[in-house]
1. Could you please let me know if residue 260 is farther than 30 Å from residue 104 by Cα, β-branched (Val, Ile, Thr) and free of Cβ contacts under 8 Å to residues at least 40 places away in the same chain?
2. Six or more apart or on different chains, Cβ atoms under 7 Å: show the pairs whose first residue is in region 201-215 and of a type in the set (S, T, N, Q) and whose second is part of a loop (DSSP other than H, G, I, E, B).
3. Could you please find all residues in region 132-146 being open to solvent by less than 20 Å² (accessible area, probe 1.4 Å) and either assigned to a strand (DSSP E or B) or modelled with pLDDT under 95 (or both)?
4. Restrict the check to region 270-291 and report whether at least one residue is among the polar types (S, T, N, Q) and open to solvent by 30 Å² or more (accessible area, probe 1.4 Å).
5. Output the number of the condition that residue 262 fails; it satisfies all remaining conditions of (1) over 15 Å from residue 64 (Cα atoms); (2) of a type in the set (S, T, N, Q); (3) open to solvent by 50 Å² or more (accessible area, probe 1.4 Å); (4) assigned to a helix (DSSP H, G or I).
6. Which of the residues that make up region 186-222 are in a helix (DSSP H, G or I), under 15 Å from the mean Cα position of the chain (by Cα) and surrounded by fewer than 24 Cβ atoms within 10 Å (Cβ to Cβ)?
7. Out of the residues in region 25-64 meeting the condition of being among the charged types (D, E, K, R) and over 22 Å from residue 373 (Cα atoms), tell me which one is modelled with the lowest pLDDT.
8. Could you check, for region 171-186, whether at least one of its residues is in contact with a Cys (Cβ under 6 Å, 6 or more places away or on another chain), among the aromatic types (Phe, Trp, Tyr) and at pLDDT below 95?
Amino acid sequence: MNQPLLQFYVSCAPGIEPILSDECRKLNLLEEKSVPATSDRSGEDAGGILFKGTVIDVYRCNLHLRSASRVSVRLGSFYAASFAELRKKASRLDWGNFIIPGQDLNIRTTCHKSRLYHSDAVSERVLGAINDHFSRLNPNKNDCKPGKNGQLVLVRLVNDLCTISIDSSGELLHKRGYRLETAKAPLRETLAAAMLLASGWEGNLPLIDPFCGSGTIPIEAALLANQIPPGIARDFAFTRWPGFNATIWQDMLSSARHEIRSTPLHIYGYDRDAGAIRIAAANAARVGQKDMIHFSQQAISDLTPPDTTGYVITNPPYGIRVRTGKDLRDLYARLGDVLRTHFGGWHAGILSNDPRLTGNLGLQDLKAELRFINGGIPVSFQIYTL
């Protein structure tokens, strides 16, 4: 059965686009263009990549992409300088494959540099346009109504150009379903995965996170090494679309499960906080990876490597988010000293918001750097050879 081509947008945290692009290339997706992160993109999330493909590709993106935040299908773009024009043109879009008459809709609108600048009024007209569309097909149908938990419709008006998209993901894709508890300053799962992919770690060498917190980096490493799709155990909005093909989706899940490995891994998560280690182990257990990761309460000064070389990938505390006002320079200096003394030949990936802190590491051989936004804070993930 031939599937019609769709235009869809895969969004991510600003700065993660190169990592997301590499992931999409491995899925053989047809990339149209990378869209730079700007404030004008807030109606569709900040950064990301535009693709062409079928609805099956939309399913695949949600299931497999580790660094993506959301996948949304573009219904159309048109110019609208008046509310009447907006409603008329929006009513012509192909709503029937994505929305059931009478269902709740969460219409999220952003307006920039446009004559239609009142976002609530634009949302109201788009809702009216959707009901107009279905009324032409069936005058007796039920009207769609606003609802916070309804199907998300993304409307973006920039310079009078209106772009309307349908969210296919539901909850943002960093919500894998395993992290029900968090320690201090949690790192989003998508960002942890992006760090791992950027570092070059492929699962065959040991990996250590000496500040593991709730275990996000070690757990994402285990999922990556054992080829477990990040979306394998969660729900998606597209499964409630009227055009949803359950047979294709179940076949896709079955094929993905067949590819999952269960090989022994050398992944270590340490933290000096016993509560964090308890949370990390519980989170790993929810995703079936507790036995794949060695969690232990341990201070950074006690860190020692296994017999072979590997990777240290970590998100140390930084002052804005943890222990505000306290000097963390000694902690970074101690981490750098341990790495230089005991981890020769290893790779180290360190996430921080402050170059003064990373300067205290005393590490010289910087191989790569990835800059992105973590919880609204600009951060840098620096990758060194020790």
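1. yes
2. That search, which allows pairs on different chains as well, returns 214/179; 214/181; 214/182; 214/183; 214/186.
3. none
4. no
5. (4)
6. 197, 198
7. Looking at the filtered set, the residue picked out is 32.
8. No, region 171-186 contains no residue that is in contact with a Cys (Cβ under 6 Å, 6 or more places away or on another chain), among the aromatic types (Phe, Trp, Tyr) and at pLDDT below 95.
The values are calculated or read from the model by the stated rules, or taken from the named source; none is laboratory data. Computed from a predicted model, the values in this text were never measured in an experiment. Note that we place each Cβ from the backbone using ideal geometry, even for glycine, and neighbour counts take in every protein chain shown. Areas reflect the complete protein model, heavy atoms only, side chains present, ligands, DNA and RNA absent. Shrake-Rupley method; radii C 1.70, N 1.55, O 1.52, S 1.80 Å.
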